[in-house]
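Here it is: the structure, laid out below.
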Amino acid sequence: MTSQSTPFRDADLQPFVEQTTQDQPVRQERADERPQKEPTTESGPAPMAAEPGNESGATESRPAVMAAALGSPVAGRVVGSEVAPWDEAKAVNASPGGWQGLLELLGIGRQKKADLESQALEADYERVIRQRTWTRAVNVAVHSTKGSVGCTPFAIVLGGVLASIRGGEVTVLEGTVTPGDLQARAEGNPPRGLGELIGGTDLVTSSGNLAGYTAPQTSFAAVIGTVGHRDRLRADQVKRVRELVDTYAQVSVTDLGSDPTTESTQAGLELTDAVVVPAVVSVRAISHAVDTVHAIVRQRPDLRERVLVVLGHSGAPEDPDVAATAVPWLTKKLENLARVEQVPFDPMLQGDGEITIAQLSPASRLAWKRVAATVVQMILDHPRTDQSRSND
């Protein structure tokens, strides 16, 4: 094959012309069986003039077929088939006209339709995230019993997507017993963080005071991670920090890490409204995700239906069979316990660099908006029932 296209020639059209001529009696018979329009003259409509270079008088040609696709009033018949000639009205209705028809012919119209459907879904997700409200602050915990599945990146992205759509008022907290990577993966290098906030909780009396311990993000989220050194996080400290954050933020996302046995993790789960459980496509990680869901529901039975397993892709080689069956298997295995969503691989979430929400891939951004909308809706559909903590 050559890389350059050649112009149409009469010889190129000859096979189509011959086949059209052979099929003519069959078509004519079918045409006679249909109601005929009143001829404008006794001899009927004048035949179409032959195209330049087509003195054979054949009415079918590739330009005529293209004209049909473009919605031309002179649609002709489908070359090489036994379909009777189209009425003018049928030709117009059969395919879009003008450039729209050409785009459909080239497959661009289908892509445009898919893009429009994707935009409509995205708008629906954003509407749920932006317009749903509560009469108190709400919290989402990100937790797994297995490390290296993305708790910290997932917390930053979830908080960032919520903040970017709600216009701020979202705080992402570090809730791991020892210093984690939350601040390292977030944007900026703040002078103060979680350790300083724990030591100065009595000094925080306004949102301005609290902002001094955060790392502002371009997504409008505020991250409170560890800057330098801090001691092991205790349960009472988790509760005190949550009280402060809940006073000045509408939504908070807590990175609880992967150790379910620590008192900080237990305290974080006791105070949360929903849990996101990260997983990647591997048999072990998926098994740990199931174990994590069961452990959460054992500790907090009221969190049933408020747990979301988010299956991600790390970029490492994956078993095709596991990748293809992971979501349906998890959905069936966790029926009436948790929901399951999947997000595509995004290089932004890998490595040790800063995570910027605006630099997520379009597919990743759409998937994370779906995740955020699902979390918001879960909290609305299944509010907390513990009367000691519920003020709904």
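Here, each number is a calculation from the coordinates, and none is a lab measurement. Just so it is clear, the structure is predicted and the values come from calculations on it, not from any experiment. Cβ: placed from backbone, ideal geometry, glycine included. Neighbour counts: every protein chain shown.
Place a +1 charge on the Cβ of each Lys and Arg in the range 119-381 and a -1 charge on the Cβ of each Asp and Glu, then give the dipole magnitude about the Cα centre in debye, rounded to the nearest 20.
Magnitude of the dipole: close to 400 debye.
Could you give the dipole magnitude of the range 218-272 about its Cα centre, charging the beta-carbon of Lys and Arg +1 and that of Asp and Glu -1, in debye to the nearest 20?
140 debye
Could you tell me which trypsin sites (Lys or Arg not before Pro) in the range 278-318 are loop residues by DSSP with no more than 15 other beta carbons within 10 angstrom of their beta carbon?
Arg304
Antiparallel DSSP bridges in the range 119-381: what percent, to the nearest 5?
5 percent
Shifting gears a bit: Run the quick spin-label model on Arg304 and Ser206: label points 7 Å from Cα toward the beta carbon, then report their separation in nm to one decimal.
About 4.7 nm separates the two model spin labels.
Using the Cα centre of the range 119-381 as origin and beta-carbon charges of +1 (Lys, Arg) and -1 (Asp, Glu), tell me which of Ala316, Val170, Gln350 is placed farthest towards the positive end of the dipole.
Val170
Taking the Cα centre of the range 193-346 as origin and charging only Cβ (+1 Lys, Arg; -1 Asp, Glu), how large is the dipole, in debye to the nearest 20?
Dipole size: approximately 220 debye.
Between Ser287 and Asp381, 0.36 nm times their residue separation minus their Cα-Cα distance comes to what?
31.1 nm
Which of the residue pairs Lys112/Lys332; Lys239/Lys332; Lys113/Lys146; Lys113/Lys369; Lys112/Lys333 have a Cα-Cα distance greater than 30 Å in the structure shown?
Lys112/Lys332; Lys239/Lys332; Lys113/Lys146; Lys112/Lys333
With labels modelled as points extended 7 Å from the Cα through the Cβ direction, what inter-label distance (nm, one decimal) is found for Thr247 paired with Glu270?
2.1 nm
With label points built 7 Å along Cα→Cβ from the Cα atoms of Thr218 and Arg240, find their separation and express it in nm.
Between Thr218 and Arg240, the label points sit 3.6 nm apart.
What trypsin sites (Lys or Arg not before Pro) does the range 198-241 have in DSSP loop regions with at most 12 other beta carbons within 10 Å?
Taking the range 198-241 and a limit of 12 other Cβ atoms within 10 Å, the loop trypsin sites (Lys or Arg not before Pro) found are Arg232.
Sticking with this one: Between Leu121 and Asp321, 0.36 nm times their residue separation minus their Cα-Cα distance comes to what?
So the extension gain works out to 69.1 nm.
Working out 0.36 nm times the residue gap between Ser314 and Ser148, then minus their Cα-Cα distance, what length gain in nm do you get to one decimal?
Result for the pair: 58.8 nm of gain on full extension.
Considering the dipole of the range 297-392 built from charges on the beta carbon (Lys and Arg +1, Asp and Glu -1) around the Cα centre, which of Ser361, Gln299, Ala338 is farthest to its positive end?
Most positive-ward Cα: Gln299.
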